[in-house]
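**Q** Please see the structure below; I have some questions.
The values are calculated or read from the model by the stated rules, or taken from the named source; none is laboratory data. Quantities reported herein were computed from a predicted structural model and do not represent experimental measurements. Glycine gets a Cβ as well: all are built from the backbone with ideal geometry, and neighbour counts include every protein chain shown. All accessible areas refer to the heavy atoms of the entire protein, side chains included, with ligands and DNA or RNA removed. Shrake-Rupley method; radii C 1.70, N 1.55, O 1.52, S 1.80 Å.
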Amino acid sequence: MQLVKLNTDVLLVIAEFLSLKDVAQLTRTCRLLYDTLIHTLLTIRPVHLDRATIIPFCQFMQIGRRPEERTRDLTPFLKRISLRLSPVNNSISIFEATQVFNDIVRHCAQHLVSISIHHVSEGYRPEELRFTFSVPLPCLQEVHLYDVRDDYQYAVADVGPQLHLIELYGSTRYIQDGEDSGLILDGALPILFHHRSTISDLTLCNVLLAVDNGDPFPAVRSLLLERYSFKDNETAWSPPLIRLFPNVEPVYLWTIRTRDDSPLPYGFDLRDPFTQSIADGLRYRAKAWQAEHGTWKNGLRHLYVDSMIDLYCLGLSTRDRAPSRSTRWSSQTAARAACC
């Protein structure tokens, strides 16, 4: 059977299994496939733009033309968009890329569901980022920001009415001898406060948290923290999580860090008296806080940690005996551990 004789629904299903390049080539073969599949270039998966592709994408979307000059309107089909500001060959400047991206956001604002921006601090000052999100975004549900600092804390504080998923990756400092993964997002929670009643899926990287960071986030059900450290030595790691995110079900902790910004080494040997005293101190303070204030009421469904020593220092316990790179902690174990 010829491809053009297939039902539209069948063609759309086939397009889901093709790469964007293959779909684009199909749309150039005839008018029927063009009219049927052109919008799938925007709906199959998020549109990823960089400094080399953002201008051609604007031309494809016919952004900047007067309405009477447009041969098609694909605006309703653009739901998810991502921008990377890292340099690529034959690319425009960062300033030009951010200006064009602003035009795209404003042109498609009524339909966008997800916006991702990488290398934020390289391309945007806080007031410029706030300007990007200042247009009404009634359907926006997800925001992903990579490489942000504390001074961006109010840039997207009141974006959209119903954000459900937020990813914030704090800036990573670079020093002469290599990468220094700085715990920059001390001010992460003001960014989130406006959406505290609707955020259900939260990811934070390079973040400092404390039990007195403000009101809790009761809607958060899934929490992922990478390079997370505590601000208060009296509580250590787990109390801020229990206080701020009381209703989480899965919790993912990748690389918890100490106050001096160093990770717990995987070779941490509890048979050594010195390291044993450090780990016992962290564990004792976390358990003492829980004894006074309580722990997660739902007992958690799953807890994922980098190592067994991380789990030990959290002030919780598990029946798993063998150290594991990724430890899965069941709700039954969690319920028992909460009472230990």
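**Q** If a residue has to be in contact with a helix residue (DSSP H, G or I) (Cβ under 9 Å, 6 or more places away or on another chain) and surrounded by fewer than 16 Cβ atoms within 10 Å (Cβ to Cβ) to count, how many in segment 136-153 make the cut?
**A** 1
**Q** Here's another thing I want to ask about it. Working only within segment 83-98, note down all residues that are within 30 Å of Y34 (Cβ to Cβ) and in contact with an Asp or Glu (Cβ under 9 Å, 6 or more places away or on another chain).
**A** Those that are within 30 Å of Y34 (Cβ to Cβ) and in contact with an Asp or Glu (Cβ under 9 Å, 6 or more places away or on another chain): L83, R84, V88, S91, A97.
**Q** Let me ask another. Any residue at all in segment 217-228 that's at pLDDT 85 or above, part of a loop (DSSP other than H, G, I, E, B), of a type in the set (G, A, S) and under 30 Å from L163 (Cα atoms)?
**A** yes
**Q** I'd like the residue in segment 238-289 that is of a type in the set (S, T, N, Q) and modelled with pLDDT of 80 or more and, out of all such residues, is least open to solvent (accessible area, probe 1.4 Å). Lay out the reasoning, then the answer.
**A** To start, the set of residues in segment 238-289 that are of a type in the set (S, T, N, Q) comprises 238, 247, 255, 258, 262, 275-277.
Next cut, modelled with pLDDT of 80 or more only: 238, 247, 277.
Values: S238: 2, N247: 60, S277: 68 Å².
Among them, the one singled out is S238.
**Q** While we're on this one: So A52 fits all but one of (1) open to solvent by 30 Å² or more (accessible area, probe 1.4 Å); (2) in a helix (DSSP H, G or I); (3) aliphatic (A, V, I, L, M); what number is the exception?
**A** Answer for A52: the failing condition is (2).
**Q** Residue check: is A210 closer than 21 Å to H302 by Cα and among the small types (G, A, S)?
**A** Numbers: closer than 21 Å to H302 by Cα: no; among the small types (G, A, S): yes.
For A210, the condition - closer than 21 Å to H302 by Cα and among the small types (G, A, S) - is not met.
**Q** Here is a follow-up. Take the residues of segment 1-25 that are touching a residue at least 12 places away in the same chain (Cβ under 8 Å) and within 22 Å of T71 (Cβ to Cβ): which is most open to solvent (accessible area, probe 1.4 Å)?
**A** For segment 1-25, the residue satisfying everything is T8.
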